[in-house]
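One structure below.
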Amino acid sequence: MTTELPYKPYDMIMCCLDPVHTGKGGVETGYIDSEILREPGTNLPKISGKAIKGMCRTNAAQVYQVRTNSALLCAGKDNHCGECPVCQTFGTPKQGKETMGTFRFNDAHISLFPVYSYTHGPLWVTTLDRFEMLAGPDFEYSDFLTDTVYALFETHDKISVGKRLFFDVKPATEMISPKLTESFGSCSQINKILKNKKIVVVPGSVFSKIVNENLEIRTSVSIDPLTGTAQDSGLYTYEALPMGTVLISGQAGYLMDTDLKKTFQAFESGWQTPAQVVNQGLALCAVTGLGGMKTPGFGRMNMMLKEIQ
Ligand SMILES: [Zn+2]
């Protein structure tokens, strides 16, 4: 007999369908006017758990409002009902019903980063650690060397990665099993990337350099509404994770106890667990998007929860 654990852990998997800009707040005075958020220790871009949670809650609350024909939208800073599956999943400050929420969100880090190669066309770059996190515990890479560059496809040529780095590579086609290429259900883009195997594993010491040199940088100009032409000093730039970037937020999840089960059963929302609420919010991100500048074509992401076995 198997005992069901009360804590349900998931990896949150995401793939950018557009460039994605999640800013670090404030405006910079240097080369880029609006930078994206980075991990201080690695200088690598990331997406904060708070940004994911906010997007997810708004989407789920809108679905709940339509399903239950409610006048209240349980999103934003306040004006929550304090009881429904959305409030139980994401938390609420409503007086007398305050709760932190049950689902734990974490920051999302880059697993596969798309770059153009002059020698091999579009490629995705990763490191052993990052690929292992995406592939899961069934895959053992202890035989691989952390200072060697591996191509996950057949080649014996030098590979250019990004704008100017050339590497000698070792082919390592056995790293991707057929089982892995079918394990990202609704994130079908990731299955395709893994099936095509156009992946290069580089040492961690150069990964940050490759990513930061190959971010998408957009330049825009403010238009003067009177003349319809560019405003003086109206030029500004912002950076974004490019389309095709794959990220993972590990060990997301929730604690399911009897009280929470009863709460979910009491509401006719169509959801039985916090994971179903979160999955609904994540699925809509393929339409509503995440981060800034969504109306000019940024932000859509394919996102899903993948249960950790
Ligand atoms: Zn509510």
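Computed from the coordinates by the stated procedures, all read-outs in this text should not be read as laboratory data. Values in this document were obtained by computation on a predicted structure and should not be read as measured data. Because the Cβ atoms are built from the backbone with ideal geometry, glycine has one as well, and the counts that use them run over all protein chains shown.
Below, the figures for the structure above:
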read-out: For residue 253, residues with placed amide H under 5 Å, excluding near neighbours; value: 10, 104
read-out: Sorted by Cβ neighbour density within 10 Å, fewest at the top, the residues 146, 227, 181, 92; value: 227, 146, 181, 92
read-out: Qualifying trypsin sites (Lys or Arg not before Pro) for segment 169-226 [loop in DSSP, other Cβ within 10 Å: at most 13]; value: 179
read-out: Contact order relative to length of segment 110-216, as percent, for alpha carbon pairs under 8 angstrom and 6 or more apart; value: 32 percent
read-out: Distance between modelled label sites at residue 119 and residue 229, nm, 7 Å Cα→Cβ extension; value: 4.9 nm
read-out: Sites excluded, GluC sites (Glu not before Pro) in DSSP loops with at most 14 other C-beta within 10 Å, longest stretch of the chain; value: 155-267
read-out: Nearby lysines by direct alpha-carbon distance to residue 195 (threshold 17 angstrom, same-chain neighbours under 8 apart not counted); value: 179
read-out: Reachable lysines, given that their alpha-carbon falls under 23 Å from the alpha-carbon of residue 209 and they are not under 8 places away in the same chain; value: 24, 46, 158, 163, 170, 197, 198
read-out: Rg(Cα)/(2.2 N^0.38 Å) for the chain, N = residue count; value: 1.11
read-out: Order of 164, 104, 67 - criterion: other Cβ atoms within 10 Å of each residue's Cβ, fewest first; value: 164, 67, 104
read-out: Residue among 160, 220, 208 with the largest mean-square fluctuation in a Gaussian network model of the chain, springs linking Cα atoms under 10 Å; value: 220
read-out: Compactness index (Cα Rg / 2.2 N^0.38 Å), segment 181-244; value: 1.79
read-out: Straight-distance crosslink candidates among aspartates and glutamates, where the alpha carbon sits under 13 Å from residue 262 and sequence neighbours closer than 8 are dropped; value: 83
read-out: Order of 258, 237 - criterion: other Cβ atoms within 10 Å of each residue's Cβ, fewest first; value: 258, 237
read-out: Kirkwood-Stokes translational diffusion coefficient of segment 180-309, alpha-carbon pairs, 25 °C, 0.890 mPa s, µm²/s; value: 130 µm²/s
read-out: Calculated over segment 143-194: convex hull of Cα atoms, volume per residue (Å³); value: 107 Å³
read-out: Stretch gain in nm, segment residue 97-residue 71, where the contour uses 0.36 nm per residue and the Cα spacing is subtracted; value: 7.4 nm
read-out: Charge dipole magnitude, Cβ of K and R +1, D and E -1 - segment 110-216, Cα centre, debye nearest 20; value: 420 debye
read-out: Cα-Cα P(r), segment 110-216, percent of pairs per 5 Å interval; value: 2, 12, 26, 27, 20, 11, 3, 0
read-out: Part-to-part distance (alpha-carbon centres) for segment 54-96 and segment 153-228, which is given in Å; value: 37 Å
